[in-house]
Amino acid sequence: MTKKNHPAAEKTDASDFETRIDELCQSQFGAGVTNLKRLSGGASQESWQFICDAKAYVLRRNPGGKSASQNALPKASEAAIIDAAAAAGICVPRVSYICTPSDDIGEAYVMDFIEGETIARKILRDAEFDGVRPDLATQCGEVLARLHQIEVSPLLDLPHSDAAGELKKYAEFLHQHKQPHPVFELAVKWLSDNLPPPRAPVLVHGDFRNGNIMVSPEDGLVALLDWELTHIGDPMEDLGWPCVPSWRFGQHDLPVGGFGQRADFYAAYERKGGEVDEASARFWEILGTLKWGIMCAVLMSRAFESGADPSVERGSIGRRSSETEIDLLRMLLEQD
Amino acid sequence: MQDRPAAEDLLAAVRGFLNDTAMPQLQGHAAFSARVAGNVLDILARELALAPGFQKAETRRLKALLDVGPDAKDDLLTLNRALCDKIASGEMDLSTPDLRDHLIKVSMGKLAIDQPRYQGYKTAQANNWPEEESK
């Protein structure tokens with residue numbers, strides 16, 4: 001492993017970072033920053049919480065302020081999508097400020113802090129969520145139906161993708177990699193033999209799953225987060241991804257996020273005007289599982305080994321590819 | 001032959017230092033990273049103990065599946081690439097005798113090292129899926 005001493009590494013110096021956040025707060029919100037702390041989790045995004053003028057905010061930025069990974073939207077487009085979702089009545093945290101190069105913070109934006117839980121395991125296990133957990137799958141189906149009906153301005157120039165394109169992209173990542181993965185190869189073959197029929201493209205969240213939803217003990221689903229992978233594509237992608245076994249966080253008998261059943265999720269989606277193609281949603285579950293496996297085995301490992309992100313966290317995610325192998329085998333043997 | 005202490009004992013000492021000394025002094029993201037680091041040490045300890053036997057079993061099954069001759073290259077990289085080619089071409093799939101058993105055992109072995117507490121691993125055990133062989 002090579003370690004590169006690039007300028008971004010120096011920028012993570014804690015006090016220096018706080019100074020720049022303070023300058024940003026002074027110029028944008030007219031008061032200094034207090035209680036700055038990094039929120040844990042989030043290998044692909046850094047989240048920092050702080051207080052400014054008695055109001056709580058969250059700053060989201062790419063790790064170390066570096067430019068976005070190839071899949072992620074520019075932060076300004078992500079913020080525009082969040083505005084469009086809010087206008088459609090979808091609960092999202094309002095974006096207060098999009099950082100510019102002169103802020104010297106990197107690609108980042110500041111959004112309002114919303115009270116609620118995002119840690120999937122807490123949502124699934126803590127007693128305070130017992131009352132709202134049974135309705136979460138229904139709430140998820142409703143919010144997705146609303147999202148998929150948003151008309152997006154072509155000015156936003158969002159990326160497009162479909163089932164065949166996504167499969168091709170990830171199969172290429174797999175085949176560029178020196179390490180052979182027979183189970184992934186089996187999944188690639190099954191998916192190419194079972195491509196769903198194309199359907200009219202819609203606005204797809206692209207990372208809709210337990211962990212990217214905010215849940216309160218009183219109201220259940222209160223915010224939809226992490227819009228950096230939003231694109232135009234097949235709506236069934238958003239119905240398949242939350243059912244990927246890795247996003248059930250140990251509750252395999254509750255396929256939707258570890259909290260609900262597909263029947264409730266699909267019924268709510270259809271009640272709000274969506275149209276479910278179950279075979280296609282199943283395709284996207286299996287493709288989603290393969291994608292997560294390839295992200296771990298290929299992309300995370302490559303980022304770690306190249307020195308682009310030499311953190312222990314990044315390296316250890318590489319080893320999560322084995323969980324997707326056993327999940328894919330169970331799915332391909334029709335036991336899931 | 002490497003001198004003692006043994007690698008597994010040194011790893012256990014680092015794990016003890018992390019648990020007993022370092023972690024109680026850490027907060028926030030650093031505490032989170034330390035927990036991740038502890039998990040990685042556990043992976044390494046299991047890999048040291050299990051991987052040599054697992055690799056022998058995987059190699060033996062691959063040679064039988066692929067019917068490789070006695071003089072052919074039999075390192076795991078070469079064998080697994082040959083298996084991937086046969087799967088990609090459709091020559092082998094889950095209905096191929098012994099392939100399903102082989103892939104399950106290899107994946108079970110990886111999980112026994114990487115994350116033996118993963119739900120999918122426990123589900124597989126509950127369904128009597130076979131563990132990787134140790135020699």
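Side notes on the structure shown:
- Annotation: residue B:52 fulfils all but one of (1) within 25 Å of residue B:8 (Cα to Cα); (2) touching a helix residue (DSSP H, G or I) at 6+ places or on another chain (Cβ under 9 Å); the unmet one is (2).
- Check on residue A:302, of a type in the set (Lys, Arg) and assigned to a loop (DSSP other than H, G, I, E, B): no
- Residues located in the stretch B:82-135, provided they are more than 7 Å from chain A (Cβ to nearest Cβ), assigned to a helix (DSSP H, G or I), within 24 Å of residue B:68 (Cα to Cα) and not hydrophobic (A, V, I, L, M, F, W, C): B:85, B:86, B:100, B:101, B:102, B:105, B:109
- Residues that are surrounded by fewer than 24 Cβ atoms within 10 Å (Cβ to Cβ) and among the small types (Gly, Ala, Ser), drawn from the stretch A:244-268: A:246, A:250, A:263, A:267, A:268
- Filtered by the rule that a residue be acidic (Asp, Glu) and more than 11 Å from chain B (Cβ to nearest Cβ), the stretch A:170-188 gives a lone residue, A:172.
- Test result for residue A:191, touching a His at 6+ places or on another chain (Cβ under 7 Å), assigned to a helix (DSSP H, G or I), under 30 Å from residue B:86 (Cα atoms) and within 14 Å of another protein chain (Cβ to nearest Cβ): no
- Between A:238, A:264, A:253, A:309, the distinction of being assigned to a loop (DSSP other than H, G, I, E, B) and either more than 12 Å from chain B (Cβ to nearest Cβ) or touching a strand residue (DSSP E or B) at 6+ places or on another chain (Cβ under 6 Å) (or both) belongs to A:309 only.
- Flag if residue A:331 is assigned to a helix (DSSP H, G or I), out of contact with any Lys or Arg (no Cβ under 8 Å at 6 or more places or on another chain) and more than 13 Å from chain B (Cβ to nearest Cβ): no
- Annotation: residue A:208 fulfils all but one of (1) free of Cβ contacts under 8 Å to residues at least 40 places away in the same chain; (2) hydrophobic (A, V, I, L, M, F, W, C); (3) part of a loop (DSSP other than H, G, I, E, B); the unmet one is (1).
- Only residues that are exposed (fewer than 15 other Cβ atoms within 10 Å of the Cβ), among the basic types (Lys, Arg) and under 15 Å from the mean Cα position of the chain (by Cα) were counted across the stretch B:55-110, and they come to 1.
- Residue ID - surrounded by the fewest Cβ atoms within 10 Å (Cβ to Cβ), chosen from residues in the stretch B:2-22 that are over 16 Å from residue B:48 (Cα atoms) and not β-branched (Val, Ile, Thr): B:3
Matching residues to (1) over 16 Å from residue A:208 (Cα atoms); (2) touching a residue at least 40 places away in the same chain (Cβ under 8 Å):
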| site | (1), (2) |
| --- | --- |
| A:240 | no, yes |
| A:245 | no, yes |
| A:248 | no, no |
| A:263 | yes, no |
| A:280 | yes, yes |
| A:286 | no, yes |
| A:292 | no, yes |
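- Qualifying residue in the stretch A:164-177 (condition: farther than 27 Å from residue A:318 by Cβ, of a type outside the set (Asp, Glu) and either at pLDDT 95 or above or in contact with a strand residue (DSSP E or B) (Cβ under 7 Å, 6 or more places away or on another chain) (or both)): yes
- Selection count, the stretch A:152-169, where residues are away from chain B (no Cβ under 14 Å) and either β-branched (Val, Ile, Thr) or in contact (Cβ under 8 Å) with a residue 12 or more places away in the chain (or both): 12
- The residues of the stretch B:25-54 that are away from chain A (no Cβ under 14 Å) and either more than 21 Å from the chain's Cα centre (by Cα) or without any contact (Cβ under 8 Å) to a residue 12 or more places away in the chain (or both), listed by number, are B:25, B:52.
- Within the stretch A:28-41, the presence of at least one residue that is part of a helix (DSSP H, G or I), surrounded by 12 or more Cβ atoms within 10 Å (Cβ to Cβ) and modelled with pLDDT of 85 or more is confirmed.
- The residue list A:222, A:215 contains one member that is of a type in the set (A, V, I, L, M, F, W, C) and either touching a Leu at 6+ places or on another chain (Cβ under 7 Å) or in a loop (DSSP other than H, G, I, E, B) (or both), which is A:215.
- Qualifying residue in the stretch A:220-234 (condition: more than 16 Å from the chain's Cα centre (by Cα) and over 27 Å from residue A:46 (Cα atoms)): yes
- Set side by side, the residues B:46, B:4, B:60 differ, and just one is touching a Pro at 6+ places or on another chain (Cβ under 9 Å) and not hydrophobic (A, V, I, L, M, F, W, C), which is B:46.
Here's the yes/no breakdown for (1) part of a helix (DSSP H, G or I); (2) more than 30 Å from residue A:271 (Cα to Cα):
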{"site": "A:106", "(1), (2)": "no, yes"}
{"site": "A:142", "(1), (2)": "yes, no"}
{"site": "A:151", "(1), (2)": "no, no"}
{"site": "A:170", "(1), (2)": "yes, yes"}
{"site": "A:173", "(1), (2)": "yes, yes"}
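- Among residues of the stretch A:122-142 being in contact (Cβ under 8 Å) with a residue 40 or more places away in the chain and among the hydrophobic types (A, V, I, L, M, F, W, C), the one that is nearest to residue A:219 (Cα to Cα) is A:132.
- Flag for residue A:313 being surrounded by fewer than 17 Cβ atoms within 10 Å (Cβ to Cβ) and more than 16 Å from the chain's Cα centre (by Cα): no
- Scanning the stretch A:79-104 for residues that are closer than 21 Å to residue A:158 by Cα and assigned to a helix (DSSP H, G or I) yields A:79, A:80, A:81, A:82, A:83, A:84, A:85, A:86, A:87.
The values are calculated or read from the model by the stated rules, or taken from the named source; none is laboratory data. Small disclaimer: the values here were computed from a predicted structure and weren't measured. Glycine gets a Cβ as well: all are built from the backbone with ideal geometry, and neighbour counts include every protein chain shown.
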